[in-house]
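Here is the structure we will look at.
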Amino acid sequence: MADTGFVQKEKLNDFLNELSKDAVVYAPCLEGDTVIFKAFDSGTTLCLDRPANNPPKLVVFPQSETLFSFKYKKDAEDPRKMSVELEANTDFPRAIIFGARPCDAKGFRIYDSVYIDTNTPDPYYKGRREKTMIATLCCSAPSPGCFCVAVGGGPAHREGSDVLITQLEKGYFIEPVTEKGRAILNVPRIEDGEQYAEEAHKRQLESHDLVRNPFAEDGQPKISRALFDLDEFWEHVVSKCLSCGACTYLCPTCYCFNITDEQALNNGERIRSWDGCMFSHFTLEGSGHNPRPTKFKRFKNRVGHKFLYYPEKYNGVIACCGCGRCIRHCPVSVDISEIVSYLRGPRFEFTNEPPESMGTDTNSQEQKQ
Amino acid sequence: MTENKNPYLPDLATVIKVIDETPNIKSYQVILNDPEKMKMFSYEPGQVGQLSVFGVGESTFVINSPPTRMDYLQFSVMRVGEVTSVIHELHEGDQIGVRAPLGNWFPYEDMKGKKILFIGGGIGLAPLRTLILFMLDNRADYGDITILYGSRTPPDLCYKDDLKEWESRSDVSLILTVDTEYPGWDKRTGFVPTVLNEIAPSPEDTIAITCGPPIMIKFVLQNLAKLNFKDENIITTLEARMKCGIGICGRCNIGSKYICKDGPVFSLAQLKEYRAEI
């Protein structure tokens, strides 16, 4: 069997149709002007030109999923009493993510440490993850906001991918990364990729230096704890944040969730849904006490989680994959890479006027007024 | 099925007794429906559990009966929100879900031979109760036991039967206080942190364990420091909004530590190390 494959450009849809026979294929598709990951079928229009607006995390970690269903039953002997039956959801269909970007694939590795490599593995995430093949498209050019190289990634980074796809003039070079990924070479309509390998590997390296690195030449930002713990810093850098939470929903590594019950008559379900640490009710306790009562504290937690707390727990790995979605799609242009670059210190003085280096966009503020 | 591998799937349990503690706190004694599971159930003092009312949701409560008394598991519930309001409607025989035990526990081995000072406020006595009863069941292992407990008014004092018993024991010193004067109350008045200053316990060979509302804990910690208690000899048990109970969902973290999994029991030394804002 060949070690690599190739799919002609004009045969890509046919190839995806072949893939769809065996699994649900999620691919970046046009929906109006936006590109979103959704189940591919004959009615969808594939778009591989730019990274999707949303990450493919929903395939393994659905926005909303049933953990278990419950059923109340009347006791046959004593009709005043009710018994309960529980049934866990174990329905995890086979899936293929086609056209994830290397940052998206790396995002799953951030999840894995929390959801799988623990003494209480999450059976839902694990179940779906095991049944999902991730075929990643290397980036030929960075999009605005991208900074993957600053957080240990890159436009052809392999971590988290089962298959790496490189776009060439005539089509797509397909290279398995894991054992699971080798299965893709058995799909009909795939040619031997060997003659394209050299060109592809050259292409993979081309865009690396085009990606901006806002932290340091050698990546991996070192955060000044003194600055991080300064309330004024956070008040300053996130005063414009609207707490809309878009950054958390679009983030390939944000994994916070809520658990709620829904019930109709005697049947119901316990449901897990995405939640976000930018919302004030996220930590609000029944008593009214809120340990993170302001958006400054909440934002500090979000940045802290990705750049301090998670690395502290998981061997220095940063829980940000530099995809830039939170920067591109923030309605008020809050820029996490800018904030983290300030956090490297040295500690600067706060005045009423933001220092020039803060890069506050005065034009956009004027426009709003 | 003896092992529950899905951490989100509760064990089914039955409420066997409901106790009215205060106007807004009730205690629930529950047993797991599967007798084998109930027999094998083991936990440590200070560990918590998630109680489910299916169709409404889950909330976290400490198991406040000690592992030395395994006839049932007891949880005390203050009526404050959606789930707790529905739990307050439960009666004997009603079905609930239990996910337990979760979290860490009081380092009771390290406390052996030491004097123990409990400082509780309101429903904050619940986790302390587990350890108090555990220590009373292993009385010879511990030195003097002092319990300082306060609530807003006398009817708000929890575990009134326990308080009576502890008051009558010669090997326990119980100090009760309520916030302000109250008809028929002839004991101390004043907030718990203030009374702590008044009784000024010696830090000598003593472990202080405190739980109560966040504002009480804050001032108790400050006052213990003024009394020269060392940070590593001050233990508290924290609460936060929790959903998963296994350190994933993201609500209850203090820096990289999760109250549900790495806690709820922490020493003041640890909390300072984690830069907790208390």
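All of the numbers you see were taken from the coordinates with simple rules; none came from a lab. Being a predicted model, the structure only gives us computed values, none of them experimental. Methodologically, a virtual Cβ is constructed for each residue, glycine included, from the backbone with ideal geometry; neighbour enumeration extends over all protein chains shown.
Measuring nothing but how far apart in sequence close Cα pairs (under 8 Å, 6+ apart) lie, relative to its length, region A:5-210 scores a relative contact order of 23 percent.
Taking K and R as +1 and D and E as -1, what net charge do the other residues with C-beta under 13 Å from the C-beta of A:GLY160 add up to?
On the way: positive: A:LYS57, A:ARG101, A:LYS106, A:ARG109, A:ARG129, A:ARG158, A:LYS180; negative: A:ASP104, A:ASP112, A:GLU159, A:ASP162.
Overall, the nearby charge balance is +3.
Dipole of the protein assembly as shown computed with +1 at Lys/Arg Cβ and -1 at Asp/Glu Cβ about the Cα centre; of A:ALA319, A:LEU46, A:PRO144, farthest Cα towards the positive end is A:PRO144.
Checking the cross-link filter: which aspartates and glutamates have an alpha carbon closer than 14 Å to that of A:LYS74, excluding same-chain neighbours under 8 positions apart? Straight-line reach from A:LYS74, under 14 Å: A:GLU85, B:ASP94.
At 10 °C and a viscosity of 1.306 mPa s, what translational diffusion coefficient does Stokes-Einstein give for region A:225-363, taking Rh as the Kirkwood radius over Cα pairs? Give it in µm²/s as a whole number. Provide the component values of the computation, followed by the final result.
On the way: Rh = 16.7 Å.
Diffusion coefficient, whole number: 95 µm²/s.
Which aspartates and glutamates does B:LYS261 reach when only Cα atoms under 13 Å apart count, and residues fewer than 8 places away in its own chain are ignored? In chain and number order, the partners are B:GLU239.
For chain A, the Cys residues with no second cysteine's beta carbon closer than 4.7 Å are A:CYS29, A:CYS47, A:CYS138, A:CYS139, A:CYS146, A:CYS148, A:CYS241, A:CYS244, A:CYS256, A:CYS277, A:CYS320, A:CYS330. When chain A is treated as a GNM, springs tying every alpha-carbon pair under 10 Å, which of A:GLN204, A:GLN195, A:GLN263 comes out with the largest mean-square fluctuation? Of A:GLN204, A:GLN195, A:GLN263, the Gaussian network model singles out A:GLN263 as fluctuating most. Charge tally around B:THR84: other residues with Cβ under 14 Å, Lys/Arg +1 each, Asp/Glu -1 each, net -3.
Do any GluC sites (Glu not before Pro) in region B:1-48 lie in a loop, going by DSSP, with at most 11 other beta-carbon atoms within 10 Å of their beta carbon, and if so which? Intermediate results must be reported in sequence, preceding the final value.
Values: sites: B:GLU3, B:GLU21, B:GLU36; in loops: B:GLU3.
When the GluC sites (Glu not before Pro) of region B:1-48 are filtered for loop state and at most 11 Cβ neighbours within 10 Å, B:GLU3 remain.
Cysteine residues of chain B whose Cβ has no partner cysteine Cβ closer than 4.7 Å: B:CYS158, B:CYS211, B:CYS252, B:CYS260.
For region A:110-155, a simple Cβ point-charge model (Lys and Arg +1, Asp and Glu -1, everything else neutral) yields a dipole of about 140 debye relative to the Cα centre.
Separation of region A:42-87 and region B:250-270, taken as the distance between their Cα centroids, equals 30 angstrom.
The alpha carbon centroids of region B:22-63 and region B:117-193 are separated by 23 Å. Dipole size of the protein assembly as shown about its Cα centre, with +1 on Lys/Arg Cβ and -1 on Asp/Glu Cβ: approximately 340 debye, rounded to the nearest 20. Largest GNM mean-square fluctuation among A:LYS38, A:LYS73, A:LYS313, using chain A with Cα springs under 10 Å: A:LYS73. Please work out whether region A:134-176 counts as rounded, prolate or oblate from its C-alpha gyration tensor, where a ≥ b ≥ c are the square roots of the eigenvalues and a/c under 1.5 means rounded, while otherwise a/b larger than b/c means prolate and anything else oblate? Oblate, because a/c is 1.5 or more while a/b does not exceed b/c.
If a/c stays under 1.5 just call it rounded; otherwise compare a/b with b/c (prolate if a/b is bigger, oblate if not). Do that for region B:115-237, with a ≥ b ≥ c from the square roots of the Cα gyration tensor eigenvalues. Here region B:115-237 falls in the oblate category.
Distance from the Cα centroid of region B:226-247 to that of region A:137-200 is 48 Å (rounded to whole angstrom). Quick check on chain A: take the gyration tensor over C-alpha atoms, sort the square-rooted eigenvalues as a ≥ b ≥ c, and tell me if it's rounded (a/c under 1.5), prolate or oblate. Note, shape of chain A comes out oblate. Only the Cβ atoms of Lys and Arg (+1) and of Asp and Glu (-1) were treated as charged; on that basis the dipole of chain A about its Cα centre amounts to roughly 660 debye. Close lysine pairs were tallied over region A:216-342: pairs 8 or more places apart or on different chains with Cα atoms under 18 Å apart number 9. Largest GNM mean-square fluctuation across A:CYS146, A:CYS29, A:CYS254, computed for chain A with C-alpha springs under 10 Å, falls on A:CYS29. Of all DSSP beta bridges located in the protein assembly as shown, what percent are antiparallel, nearest 5? Percent antiparallel among DSSP bridges in the protein assembly as shown is about 70.
Cross-link pairs exceeding 26 Å in C-alpha to C-alpha distance, out of A:LYS73/A:LYS126; A:LYS11/A:LYS106; B:LYS112/B:LYS230; A:LYS9/A:LYS202, comprise A:LYS73/A:LYS126; A:LYS11/A:LYS106.
For chain B, what does -39500 (n - 2.57) per DSSP helix run (n ≥ 4), summed and divided by total residues, give at 222 nm, in deg cm²/dmol to the nearest 500? Here the helix-only value at 222 nm equals -6000 deg cm²/dmol.
Within a straight-line Cα-Cα reach of under 22 Å, B:LYS160 can be paired with the following lysines, leaving aside sequence neighbours fewer than 8 residues apart in one chain: B:LYS17, B:LYS26, B:LYS187.
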